[in-house]
Amino acid sequence: MEHLATLISRYPILQHCKREIQAAYEQLRSSFETGGRLYICGNGGSAADALHMVGELGKSFVLPRTVDEEFSARVDRQLCEHLQGALPAYALVENSALASAYANDVDPDYVFAQQVYAYARPGDCVIGISTSGNSRNILHALHAARGRDAVPIGLSGRDGGKMKALCDVCITVPVAETYQIQELHMPIYHTLCMMLEAFFWGGQ
């Protein structure tokens, strides 16, 4: 697709993971097409990336997005004019009350897994972002996704770590420094968001 080709032309190093980026897009598109939802988790800078990706999916990114016809038929015109089409994506890093309670009462390594268990349903997708591929709380979340028959997708670096064995698709950027991995994660998830937007609102 055009957006993926543009990504590779701007960041030739990502040719290494072009196939995985395409596969992740196809999994996400299929899930959203059938009413699925996306849950994203990460630590530190990767938590910020989770929030960033949710922001791009929850409103217009590079294309105008209209609300769906069923919704527009049930509400007044003014409301429709002030809303934009959205894909249901949630960052599991946001619920500080639940996260802090679970970390205090049970185990902080399972905070994301608990939320995946609570929210995810068959056909949903769970993206775990870990630059090392070995973050324990991310691995537990991906394991929980499998238990819920959701699709586990990884975004990592280096050799992908333990995450690769748990994911249906693991996008592993071929660099080792954490900040460099994060610098490449952003254009990847921006491209995924543009590809999804083009499919649902751009006729691609």
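The values are calculated or read from the model by the stated rules, or taken from the named source; none is laboratory data. Keep in mind the model is a prediction, meaning the values are calculated, not measured. Using ideal geometry, Cβ is built from the backbone for each residue, glycine included, and neighbour counts are taken over all protein chains shown. When the accessible area is computed, the model is the full protein with side chains, heavy atoms only, and any ligands, DNA or RNA have been set aside. Shrake-Rupley method; radii C 1.70, N 1.55, O 1.52, S 1.80 Å.
Details
- Filter pass, Ala91 being hydrophobic (A, V, I, L, M, F, W, C) and modelled with pLDDT under 95: no
- Looking across the range 101-116 at every residue that is open to solvent by 70 Å² or more (accessible area, probe 1.4 Å) and of a type outside the set (Phe, Trp, Tyr), the one that is nearest to Gly44 (Cα to Cα) is identified as Pro108.
- Evaluated against (1) open to solvent by 60 Å² or more (accessible area, probe 1.4 Å); (2) in contact with a strand residue (DSSP E or B) (Cβ under 7 Å, 6 or more places away or on another chain); (3) closer than 19 Å to Ser156 by Cβ, Tyr11 falls short on exactly one condition, (2).
- The one condition in (1) assigned to a loop (DSSP other than H, G, I, E, B); (2) open to solvent by 70 Å² or more (accessible area, probe 1.4 Å); (3) modelled with pLDDT of 95 or more that Gln204 fails to fulfil: (3)
- Among the residues making up the range 150-200, those that are under 16 Å from Ala50 (Cα atoms), open to solvent by less than 20 Å² (accessible area, probe 1.4 Å) and among the hydroxyl-bearing types (Ser, Thr, Tyr) are Ser156, Tyr189, Thr191.
- Residue match in the range 117-135 (condition: under 20 Å from Ser46 (Cα atoms), open to solvent by 30 Å² or more (accessible area, probe 1.4 Å), out of contact with any Gly (no Cβ under 9 Å at 6 or more places or on another chain) and modelled with pLDDT of 95 or more): no
- Scanning the range 29-70 for residues that are more than 26 Å from His140 (Cα to Cα) and without any contact (Cβ under 8 Å) to a residue 12 or more places away in the chain, we see that the one that is surrounded by the most Cβ atoms within 10 Å (Cβ to Cβ) is Glu33.
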